[in-house]
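Right, one structure below, let's go through it.
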């Protein structure tokens, strides 16, 4: 009887992990499509990102409910409890990343500042920031699947790169607005767009912290870098 219960517990835990994996892949796809929509000025792809946001929300609600039910039914302890708590928090963070991807898509759909000087876009390194946060999200997925925290430092270092590029973009846009006052509104909207990418990097960092908590039982939140 105890063995049967244990197998049932493991099965339910495996289902919960699979739900998070599916959500992760969806959010990663959302982010990649948002990148292409912005850089290629592809409104149709942006609409696809916006329409799929409801699926991301549905995943979060399902994982949240299933995680709470698992805790209530099986009273997990130690590593199993850490895993469930981490999966619930990770799904919530993935939902926020999905929100940012949708926000970028809405920017494209609204046709806001899409005719910005290509030379400025290159100077702002928007594509580099996109590629960096996408790799952070992808690497953190690999870290959880492999239950290996050795990638943690590498991912967190990428967040520092994103922060550096973001602050550099602020200075670049400030100079651009000073030289072109008529483009001030467009410049500020572009800054808000880059800010969304910077926040995605922060959320990827939070996901890494949850993975380390689950695997190594270490709390990195608020710890010194």
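Gain on full extension, evaluated as 0.36 nm per residue between residue 216 and residue 68 minus their Cα-Cα distance, stands at 51.0 nm.
The label point for residue 40 and the one for residue 123, both projected 7 Å from the Cα toward the Cβ, are 2.8 nm apart.
When each of the peptides 176-182, 16-22 is scored by how many other beta carbons lie within 10 Å of its residues on average, the order from highest to lowest is 16-22, 176-182.
According to the square roots a ≥ b ≥ c of the eigenvalues of the Cα gyration tensor, what is the shape class of the stretch 60-162, taking rounded for a/c under 1.5, prolate for a/b larger than b/c otherwise, and oblate for the remainder? Judged from the Cα gyration tensor, the stretch 60-162 comes out oblate (a/c at least 1.5, b/c at or above a/b). Taking only the Cα atoms of the stretch 139-202, the radius of gyration and Dmax are 16.2, 52 Å.
Using alpha-carbon positions, what is the distance between the centroids of the stretch 94-168 and the stretch 179-201, in Å? Each part reduced to its Cα centre gives a spacing of 15 Å.
Build a GNM of the chain with springs between Cα atoms under 10 Å apart, and of 201, 153, 67 the one that fluctuates most is 153.
Please give the contour-minus-distance gain from residue 179 to residue 202: 0.36 nm per residue of separation, less the Cα-Cα distance, rounded to one decimal in nm.
On the way: separation 23, 0.36 × 23 = 8.28 nm, distance 3.13 nm.
Residue separation times 0.36 nm, minus the Cα-Cα distance, leaves 5.1 nm.
Size descriptors for the stretch 168-221 (Cα atoms only): Rg and Dmax, in that order, 17.4, 53 Å.
Using a 10 Å cut-off on Cβ atoms, rank the peptides 186-198, 80-92 from the highest mean neighbour count down. Working shown, then result.
Working: 186-198: 18.5, 80-92: 20.0.
Ranking, from highest mean packing down: 80-92, 186-198.
Determine the shape class of the stretch 25-79: with a ≥ b ≥ c the square roots of the Cα gyration tensor eigenvalues, call it rounded for a/c under 1.5, and otherwise prolate if a/b is greater than b/c, oblate otherwise. Display every interim value, and only then the final one.
Values: a/c = 7.81, a/b = 3.07, b/c = 2.54.
It is prolate, given that a/c is not under 1.5 and a/b is the larger ratio.
When the alpha carbon coordinates of the stretch 92-225 are projected onto the principal axes, the ranges are 53, 29, 22 Å, largest first.
At q = 0.14, 0.15 Å⁻¹ the log10 of I(q)/I(0) for the chain amounts to -0.87, -0.97, computed by Debye summation with a single uniform scatterer per C-alpha, solvent ignored.
Here, each number is a calculation from the coordinates, and none is a lab measurement. Quick caveat: nothing in here was measured; it's all calculated off a predicted structure. Because the Cβ atoms are built from the backbone with ideal geometry, glycine has one as well, and the counts that use them run over all protein chains shown.
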